[in-house]
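In what follows, a structure is listed as structure tokens, so that the remarks can point back to it.
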Amino acid sequence: MPSVLQLAVQTLLAVLLAPVLFGVIRRTKAFFAGRTGAPLWQPYFDLVKLLRKRTVLSSTSTWVFLAGPVALAAAALLGVALMPLGPGAAPVAFGGDAVLFVYALALGRFVLALSALDTGSSFEGLGASREVSFAALAEPALFFGFLALARLSGSFSLSGMLDRPLLVRWPDGGPAVALIAAGWFLVLLAENSRVPFDDPSTHLELTMIHEVMILDHSGPALGLVLWASMLKFLLFAALLVRLLLPVGESDAAVYAAGLVVGLLLVALAVGVVESSLARLRLVRVPQLLVSACLLCAFAFLLAARS
Amino acid sequence: MRLDLVLGATALMAASGLPALLGGRVATRASAVLQVVAAGLGGAGAAGALFAAAPPAALALPWRLAVFEVGFRLDGLAALFLVPIFLVAGLGAIYAEETWPAAARGRGAGRLRFFYGLTAAAMALVVVAADGVALLVAWEAMAIGAYFLVVADDREEAVREAGWIYLAATHAGTLCLFGLFALLRGATGSFELAPLPAGLAGGGFGAAIFLLTVAGFGVKAGIMPLHVWLPGAHSAAPSHVSAVMSGVLIKIGVYGIIRVLFLVPDPPPWWGGALLAIGAVSGVLGVAFALGQHDLKRLLAYHSVENIGIIVLGVGLALVGRAAGEPVWVALGLGGALLHVVNHALFKSLLFFGAGAVAHATGTRDLERLGGLGKTMPRTAALFLVGAVAISGLPPLNGFVSEWLLYLGFFGAVQSESAAGLGAALMAPLLALIGALALACFVKAFGIVFLGSPRAVLTARPHDPGAAMLAPMAVLALLCAAIGLAPQTIVPALERAVAAAVPGAAGAPPALAEIGRVGVLSAVALGFLAALAAFGLWLSARTRGAPRAVTWDCGYHAPSPRMQSSGSSFAATLLGTFRWALRPVEQGQPVRGTFPVRASFHSRVPDTVLDRFLLPVLRRLARLTLYARYLQQGRLQVYLLYVAVTLLVLLALV
């Protein structure tokens, strides 16, 4: 079966490629800060180190504590299977797979938030609360975007919605796609806990979201969370790239080059945002997420008119 | 044949409580056994009608009640509702043997058994009723029986008050139903629930039919502004009764809405739009109110409002589709709604059984006093977690499948050129919001109750309940997983129910199996489980024998359980977003000065409709009616004067 082969190749590539995006972000930030920065493959070393280290468990925790990283990693893998990374359709594509994509990641979030609460730590409780609260505002933005794309493309599968280069057909779908891209870029920043929603490199636990949830995870458990976060970033970046990439099915080599360059550009953009913006106050975060929703809602209106 | 089986089981269920009325342990146990047997027989009959392709069976009783004929009918739609009724009622009957044993509760247990059987039988009868009279009689028996179930623990003031509100609300609904069936009889000349002739639905008559249906059945279903009785009654009732009420009794209201509204062959477009709006309000605000609750059972009760909202969204989409002549929207909307009816019966009963086990073991339902039960009640925790994942609509369990069908419907509607279709499609982001809020609420419910460490010293030492309480939960959890992993097994039953619900549709309704290709979901879910198992085995092998240390609390040296997130602090961010609707009551002293002496904070979320609007208005009304007392002098002469004046007025008028 070609799709099984495709699934294996795509998963392998995603797993290998994902950490380098984090390296690009770090390198960009280092550049802006006037430092040399760690090598691009530092995230690989981090992962290997974590997977080899011993873990320490909190005496308060139960099996739920370890279930969090496991569910997050499995959900990220499922997301990879549903994402059309290659030139054609995704290895697993069917009408309504976009819902499964969002809900699988939601399952990962659900169990990870529970594993944070399992430690009984006040800080990790704060992180879990923020993570699920902000995600509740980010998901409608994703779905408004899906609605607009479904209307423009006539399909309700990720592969179908992201299939044709809509951006180049400017008068028809271009403006809507541009709005969706802007809204989804905000969703990418929020879902992956980047500045201005969250600061992954701060040292103040009180202000963090994602990082504070995993304070107690160590060794392989932390490695699994980190790996899944990298995959998740890759997935959201790929969503944007497939939305904007104007090559389509023309030529496999051109397509592959476009995809890789696009992914690197998204990572670069995130690095630039992180270097030039401060983290928002937590009370402001919902407002920015509502703006993302509205951008995608306007895209839906444009699509509905056409 | 199957109808006979169902009716026989219903009769047995109705009579099952009689031995328990005698009192005593043996008699109550005999009633429990009768109820389980009746549930098994009825469930088998209904499942047979649902899964085996058979023509709908009907039975018109040979005797006539005054001028009315009383008839019963078993079709796909009725069977789809009957299966959860008998399943949950049977499991609840087993569960009650441990939570409400005759040994501890005395005659109260016998009385509860009696009304339990009566209510379950009445629910089944409502669903198989073929005409308005039979439906109303069964409906009223169900409503009254449920009242006695709610007030089982009538020594408590709060329970009596909740029962009273329920009784008032349900009769307001019944009044609407009387009006509805009178109107229908006026139009068709019979009480039979048969398709209406085309052309009736326009204008004032159609509007009256729609509003009376939605108000009358909607009170029971608990749609948003009419839900006032629901949170109080669900938290006051014994847990197995809450499971039956939330799992199946409120669905009888949904049944009524579907049955009556789809009798109209040409519904005006605004019907579907109105239902979509009602569903949206119930869904979003139901879950928002749930987030603000501290009482575990009250929290679950508000989630019933939310899930009814999701179901009504599906019914609304189907009605929009019927008005627009789009059979695919009808199939997906109604199919998703009906599957969610079944799913909600499974996971909500499971959650109420779990909440009952927690309350049974700890003596409290207050989230702020619970915590860490996952270590002392591991089995209950695992089963509750299954219910929590399912109700949050997450894969690979059943809640995801029904929401996914609804999403398919909304995304089908977005391709339409009509404003109705585009408006319906807007419900997709809303459903995403509802799902994400439900997820947040169940992270709170499960995390605060079962994880971390205990927040208060409880008198009872918590422990897992016995087999009579755990086994029903395990059955429900398995069914949740089965529908989630193999949804294609239930799809033929759904198609049969949709076909029965939409009488007179041109041609066969489009097959859900072909639109949805639910088999793919099954394969994906299995692959996902395999990935989970692989990662889980690897991580548990890598962390075996890992050293234990105290939770890292950022350098603080004396962590205490009171420093954990509480239920209210966990929900604070989202409650802030919904402050305009929830209007939480907050009391306490903020932290002041460099060396604060004392600070406290307390918040609660009263029901905006009931506590802030309905009760004040009704109290004022009650005070106004005091003036009527002047008429009641208590003297015979005065009353004779009234009679004389009345007669004179009548004589003058007639």
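Backbone geometry of region A:16-30 corresponds, through the Karplus equation with coefficients 6.51, -1.76 and 1.60 at θ = phi - 60°, to 3J(HN,Hα) couplings of 6, 7, 4, x, 5, 5, 4, x, 5, 4, 5, 5, 4, 5, 4 Hz, x marking Gly and Pro. Segment B:Y630..B:A541, full-extension length gain: 23.9 nm, with 0.36 nm per residue of separation and the alpha-carbon distance subtracted. Expressed per residue, the C-alpha convex hull volume of region B:551-654 stands at 252 Å³.
Close lysine pairs were tallied over chain B: pairs 8 or more places apart or on different chains with Cα atoms under 20 Å apart number 9.
Dipole of chain B computed with +1 at Lys/Arg Cβ and -1 at Asp/Glu Cβ about the Cα centre; of B:I391, B:L636, B:A11, farthest Cα towards the positive end is B:L636. Note on chain A: Kirkwood radius taken over Cα pairs, Stokes-Einstein applied at 25 °C and 0.890 mPa s, translational D equal to 124 µm² s⁻¹. Label-to-label distance, B:E586 versus B:L200, with points set 7 angstrom from Cα along the beta-carbon direction: 5.4 nm. Packing around the peptides B:519-532, B:421-434, B:231-244, taken as the average count of other Cβ atoms within 10 Å per residue, puts them in this order, highest first: B:231-244, B:421-434, B:519-532.
The calculated FRET efficiency for the pair B:V609 and A:L265, based on their C-beta separation and a Förster distance of 51 Å, comes to about 0.50. Within the shell defined by Cβ-Cβ distances under 13 Å, the residues around B:A58 carry a net charge of -3, with Lys and Arg each +1 and Asp and Glu each -1. Over region B:1-265, the ratio between the Cα radius of gyration and 2.2 N^0.38 Å evaluates to 1.00.
Computed over all pairs of different Cα atoms, the Kirkwood value for the hydrodynamic radius of region B:608-653 is 13.3 Å.
Evaluated with a Cβ-only charge set (Lys, Arg +1; Asp, Glu -1), the protein assembly as shown carries a dipole of roughly 1980 debye about its Cα centre, given to the nearest 20.
As a ratio to 2.2 N^0.38 Å, the alpha-carbon radius of gyration for region B:282-385 is 1.35.
As a proxy for reagent exposure, ranking B:W329, A:W63 by other Cβ atoms within 10 Å from fewest up yields A:W63, B:W329. For the protein assembly as shown, report the translational diffusion coefficient in µm²/s to the nearest whole number, using Stokes-Einstein at 4 °C, 1.567 mPa s, and a Kirkwood Rh over Cα pairs. The diffusion coefficient I find is 44 µm²/s. Partner shielding of B:433-445 amounts to 6, given as the average count of beta-carbon atoms from other chains within 10 Å of each residue beta-carbon. The residue list B:L50, B:G371, B:G232 was ranked by how far each Cα lies along the charge dipole of chain B toward its positive end, using unit charges on Cβ atoms, and B:G371 comes out on top.
Can you give the FRET efficiency for B:L650 and B:V328, using 1/(1 + (r/R0)^6), R0 = 60 Å, r = Cβ-Cβ distance, to the nearest 0.05? Once rounded, the FRET efficiency stands at 0.50.
When both region B:195-213 and region B:550-628 are represented by their alpha-carbon centers, they are found 45 Å apart. Across q = 0.05 Å⁻¹, chain B modelled as identical point scatterers on its alpha-carbon atoms has Debye log10 I(q)/I(0) values of -0.24, in the order of the q list. Summarising the label geometry, the points placed 7 Å from Cα in the beta-carbon direction at B:D266 and B:A482 lie 4.5 nm from one another. Per-residue mean of foreign Cβ neighbours for A:215-226 is 3 (Cβ atoms of other chains, 10 Å radius). Counting Cβ atoms of other protein chains within 10 Å of each residue's Cβ and taking the mean over peptide B:34-47 gives 0.
At each listed q (0.16, 0.17, 0.20 Å⁻¹), what is the log10 of I(q)/I(0) that the Debye formula gives for region B:406-551 modelled as equal alpha-carbon point scatterers? Rounded to two decimals, the profile gives -1.29, -1.36, -1.46.
Our estimate of slack between B:V617 and B:L529, defined as 0.36 nm per intervening residue step minus the Cα-Cα distance, is 26.3 nm.
Here, each number is a calculation from the coordinates, and none is a lab measurement. Worth saying up front: this structure is predicted, and the values here are computed from it rather than measured. Counting neighbours? That spans all protein chains shown, and the Cβs are built from the backbone with ideal geometry, glycine included.
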